[in-house]
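Working notes for the structure below.
The values are calculated or read from the model by the stated rules, or taken from the named source; none is laboratory data. Please read these numbers as outputs of a predicted model, since none were measured by experiment. Cβ atoms come from the backbone with ideal geometry, glycine included; neighbour counts cover every protein chain shown.
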């Protein structure tokens, strides 16, 4: 018998099951049934205490509306992981399942987790459908700086190239944003400014911070993050440091030798040129208004 026939029979044994696929590769399954279920190669645990509002699915580009609510338990979703942002943007699938015959099921929602709030030992997570990214503004901006992200498909720079990353251990921390390491003498101060710090071990493993400043102090390499990580770092934790880019054409050419993939427009006129007007005390011979670069690209 099919799921449709089971739903039409008048007496049903239906529950819901959720699967979460975190960005770090961890897959978790939950169900609102009172016993664990297993299908799709995943065990769906009942002890997480998950419930969900009715799905509102519409045509067009409107976002499907729903929320998932559940208790924070060590066997299920942990508050420390939510605080660390490990579930931000996690892939989500929801099934309607006949718990008496697991072959009778259908996928009723596919999307991602949105905003997650916590209160009173429980969490509430917004569910976002596949159409949600289509509503985001897009298009290319014409300006002097590069629009690519260092290492992405537009930039094409290999961040694993020798000299452009370093793996080291945390020596000391201050105020959650200032992190000290050994000297890293292979590259000079400022090399990692505007770069990334990826945590490889410890309580914050898998989290990424963005580097604001890179300098030497008292024989140690000191990096300052724009914002503290959402989980604690500790001395001895391993991290990976990736080179920074200020998105300027000269940096792309001199630091990365990647000018062919530069995604900006370095010769576009600036606002001062666009608002310029003739003046009697300046030559008006029809020449270029902006000074020639002393370091041609």
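Points to keep in mind about this one:
- Within region 85-106, tally of residues that are surrounded by 15 or more Cβ atoms within 10 Å (Cβ to Cβ), in contact with a helix residue (DSSP H, G or I) (Cβ under 8 Å, 6 or more places away or on another chain) and over 30 Å from residue 227 (Cβ atoms): 4
- One residue from 109, 123 being in contact with a helix residue (DSSP H, G or I) (Cβ under 9 Å, 6 or more places away or on another chain), part of a strand (DSSP E or B) and surrounded by 13 or more Cβ atoms within 10 Å (Cβ to Cβ): 123
- Residues satisfying the stated conditions in region 165-178, i.e. in contact (Cβ under 8 Å) with a residue 60 or more places away in the chain and surrounded by 13 or more Cβ atoms within 10 Å (Cβ to Cβ): 165, 166, 168, 169, 170, 171, 173
- Pick from region 207-245, criterion in contact (Cβ under 8 Å) with a residue 60 or more places away in the chain and out of contact with any strand residue (DSSP E or B) (no Cβ under 9 Å at 6 or more places or on another chain), ranking: surrounded by the most Cβ atoms within 10 Å (Cβ to Cβ): 245
- Note on region 246-260: among residues that are outside any loop (DSSP other than H, G, I, E, B) and in contact (Cβ under 8 Å) with a residue 24 or more places away in the chain, the one that is surrounded by the most Cβ atoms within 10 Å (Cβ to Cβ) is 252.
- Residue 200 being more than 18 Å from residue 242 (Cβ to Cβ) and either buried (at least 16 other Cβ atoms within 10 Å of the Cβ) or at pLDDT 90 or above (or both): no
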